[in-house]
Amino acid sequence: MTTTAPPKDLRDFYEDPTVPVSSGTPRSLRQARMLAAALGTDTPGTILDIGCGDGTAAAVAAPLLPGHRIIGVDWSQDALRRARTRLACSPVRGELTDGGLPFRSESADAVLFSEVIEHLVDPDAALDEIRRVLRPGGHLMLSTPNLAAWYNRALLLAGIQPVFSEVSLRAIHGRPGKEVVGHLRLYTARALREFVAASGFEVVRLAGAPFHGVPRPLRPFDRLACSRPPLASILLLHAQKTPARKT
């Protein structure tokens with residue numbers, strides 16, 4: 001078990017340079033391929049990587065999205081400093097709440113939202129803000145850990161806290177792993193689909209991705225589980241902004 005100094009609040013926690021701000025390349029690559037397929041031969045446009053962390057996801061996606069302008073967005077100054085070393089466009093500071101993102105309504109063609117939603121106090125407001133900045137028909141490419149991953153089902157049966165879940169911001173208790181990353185919410189495949197659809201998006205596709213933290217002997221099983229998204233370690237969801245509801 002590792003421990004950290006108690007954070008003053010969540011903002012203080014995420015500004016700590018020891019807190020991980022990126023996830024594995026396999027997930028980023030699968031997500032980038034899904035977005036490239038979704039955009040197809042569309043005229044190159046603007047892609048916002050919201051919660052860009054150290055810029056890994058955008059850097060992996062860039063070669064697959066030639067001509068598109070990828071802009072990293074993050075609240076953490078430490079993450080932005082690291083992202084500047086990886087991104088062609090200078091990343092910008094922005095928040096999904098407390099004033100919103102520094103972009104005009106309907107100004108983005110796509111949003112990458114990688115491993116962010118599980119950290120949010122108010123995911124409803126976050127998706128409202130993402131919907132605001134997306135053009136009609138714009139693409140949302142979201143990834144998040146799967147509460148019902150194949151090994152989490154076994155761990156729960158054994159009375160062990162699921163991987164990805166956390167009961168403290170100071171230390172890991174009751175589950176495998178060593179890193180405290182500040183997860184506040186976790187989703188199953190069904191819950192994620194329903195939540196995104198209720199937020200004004202049409203879910204186009206749900207896929208799975210492996211988790212880099214799975215022990216090496218179990219990685220073949222983890223890759224196999226990707227073919228069944230409800231069992232996969234990571235959920236990759238592609239959705240499009242639907243027309244505004246008439247009142």
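The values are calculated or read from the model by the stated rules, or taken from the named source; none is laboratory data. Keep in mind that this is a model prediction, so the values were computed, not measured. Because the Cβ atoms are built from the backbone with ideal geometry, glycine has one as well, and the counts that use them run over all protein chains shown. To get the accessible areas, we keep the full protein, side chains included, count just its heavy atoms, and leave off ligands, DNA and RNA. Shrake-Rupley method; radii C 1.70, N 1.55, O 1.52, S 1.80 Å.
In table form, for the structure just shown:
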{"quantity": "Flag for Ser114 being hydroxyl-bearing (Ser, Thr, Tyr), touching a Leu at 6+ places or on another chain (Cβ under 8 Å) and in contact (Cβ under 8 Å) with a residue 40 or more places away in the chain", "calculated": "yes"}
{"quantity": "Cβ pairs under 9 Å, 6+ apart, first in the stretch 142-155 and in contact (Cβ under 8 Å) with a residue 60 or more places away in the chain and within 16 Å of Glu118 (Cα to Cα), second among the basic types (Lys, Arg) and surrounded by fewer than 24 Cβ atoms within 10 Å (Cβ to Cβ)", "calculated": "Ser143/Arg30; Thr144/Arg185; Ala148/Arg190"}
{"quantity": "Filtered residues of the stretch 97-120 (kept if in a loop (DSSP other than H, G, I, E, B), over 20 Å from His68 (Cα atoms) and out of contact with any strand residue (DSSP E or B) (no Cβ under 7 Å at 6 or more places or on another chain))", "calculated": "Thr97, Asp98, Gly99, Gly100, Leu120"}
{"quantity": "Residue selected from the stretch 96-118 under the condition more than 24 Å from Val204 (Cα to Cα) and either open to solvent by 40 Å² or more (accessible area, probe 1.4 Å) or aromatic (Phe, Trp, Tyr) (or both), by the criterion nearest to the chain's Cα centre (by Cα)", "calculated": "Thr97"}
{"quantity": "Qualifying residue in the stretch 82-95 (condition: more than 22 Å from Thr56 (Cα to Cα) and open to solvent by less than 20 Å² (accessible area, probe 1.4 Å))", "calculated": "no"}
{"quantity": "Subset of the stretch 75-95 [more than 19 Å from Ala32 (Cα to Cα) and either touching a Gly at 6+ places or on another chain (Cβ under 8 Å) or small (Gly, Ala, Ser) (or both)]", "calculated": "Trp75, Ser76, Ala79, Leu80, Arg82, Arg84, Thr85, Ser90, Val92, Gly94"}
{"quantity": "Every residue from the stretch 169-225 that is among the basic types (Lys, Arg), touching a strand residue (DSSP E or B) at 6+ places or on another chain (Cβ under 8 Å) and farther than 25 Å from Val121 by Cα", "calculated": "Arg205"}
